[in-house]
Amino acid sequence: MARYTDSTCRLCRREGAKLFLKGDRCYSEKCAVGRRSYAPGQHGQARKKVSEYGLQLREKQKARRIYGILERQFRNYFVKAERMRGVTGENLLALLERRLDNVVYRLGFADSRAEARTLVRHGHFLVNGRKVNIPSYLVRQGDVIAVRAKSKESPRFKELAAAAAHRTVPAWLSADAAALEGHVLALPTREQIEAPVQEHLIVELYSR
């Protein structure tokens with residue numbers, strides 16, 4: 001399966017914003033955006049006039065990189081969002097938020113979406129009592145996401161349980177940090193999605 005293998009911090013610098021791709025490091029002095037806020041490469045500090053298309057492209061790339069999705073998969077999400085009722089841009093973000101790896105991250109059971117994706121692939125999580133190892137699995141209202149009983153004994157999950165007790169969970173989710181269990185209370189609305197993305201620019205890009 002194709003995946004991004006280059007520097008993660010390079011992505012944040014290219015978008016000129018913290019995408020929180022490396023967990024605690026993004027909150028520390030080691031954050032690349034804080035140390036070098038310009039784009040990577042020898043022409044990164046040059047002033048460039050950005051076209052309308054350039055703004056739309058950057059917004060799409062930002063959203064794709066926040067959720068750790070490759071181009072073809074992101075386009076498939078957009079096509080699915082177009083076919084749903086409601087506003088296409090909001091539907092798109094709602095679909096991305098419902099991904100199991102994102103939900104695990106939002107619940108505080110991983111420090112980053114990349115770590116959440118790895119933990120899901122390794123079979124550490126149950127959805128409604130059944131093991132699910134597909135990061136792109138879309139959760140539904142009423143689903144229960146829990147860490148497997150055997151996995152709870154590992155030192156890493158004990159660390160995550162302690163950290164999760166101090167994290168804020170979106171309103172459409174609820175989390176029991178001690179039990180390492182979360183519930184999907186409702187499907188996310190745009191107001192409940194904390195992604196710094198202007199989704200209308202993505203819609204305009206794909207509508208060209």
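The values are calculated or read from the model by the stated rules, or taken from the named source; none is laboratory data. What you are looking at is a predicted structure, and each value in this text was computed from that prediction instead of being measured. Reconstructed Cβ throughout: ideal geometry from the backbone, glycine too, with neighbour counts over all protein chains shown.
Below is a table of values for the structure above.
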{"read-out": "The range 148-168, subset surrounded by 15 or more Cβ atoms within 10 Å (Cβ to Cβ) and aliphatic (A, V, I, L, M), residue nearest to Leu93 (Cα to Cα)", "value": "Ala164"}
{"read-out": "Extreme residue, surrounded by the fewest Cβ atoms within 10 Å (Cβ to Cβ), among residues of the range 183-201 that are over 21 Å from Arg85 (Cα atoms) and without any contact (Cβ under 8 Å) to a residue 60 or more places away in the chain", "value": "Glu194"}
{"read-out": "Answer residue from the range 89-113, given it is assigned to a helix (DSSP H, G or I) and of a type in the set (Gly, Ala, Ser) and is nearest to Gly182 (Cα to Cα) among those", "value": "Ala94"}
{"read-out": "Scope the range 134-185; condition among the charged types (D, E, K, R), closer than 17 Å to Tyr105 by Cβ and in a loop (DSSP other than H, G, I, E, B); matching residues", "value": "Asp143, Arg167"}
{"read-out": "Criterion: over 21 Å from Met84 (Cβ atoms), modelled with pLDDT of 95 or more and among the polar types (S, T, N, Q) - qualifying residue of Ser112, Ser154, Ser174, Ser136", "value": "Ser174"}
{"read-out": "Residues of the range 136-160 classified as more than 30 Å from Arg75 (Cβ to Cβ) and touching a Gly at 6+ places or on another chain (Cβ under 9 Å), total", "value": "5"}
{"read-out": "Candidate set: the range 65-88, residues that are touching a residue at least 40 places away in the same chain (Cβ under 8 Å) and assigned to a helix (DSSP H, G or I); chosen: the one farthest from the chain's Cα centre (by Cα)", "value": "Thr88"}
{"read-out": "Extreme residue, surrounded by the fewest Cβ atoms within 10 Å (Cβ to Cβ), among residues of the range 116-137 that are within 11 Å of Asp101 (Cα to Cα) and of a type in the set (Gly, Ala, Ser)", "value": "Ser136"}
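One line per residue, one yes/no per condition, for (1) over 26 Å from Arg65 (Cα atoms); (2) of a type in the set (Asp, Glu); (3) modelled with pLDDT under 90:
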{"residue": "Arg148", "(1), (2), (3)": "yes, no, no"}
{"residue": "Ala179", "(1), (2), (3)": "yes, no, no"}
{"residue": "Pro188", "(1), (2), (3)": "no, no, no"}
{"residue": "Glu191", "(1), (2), (3)": "no, yes, no"}
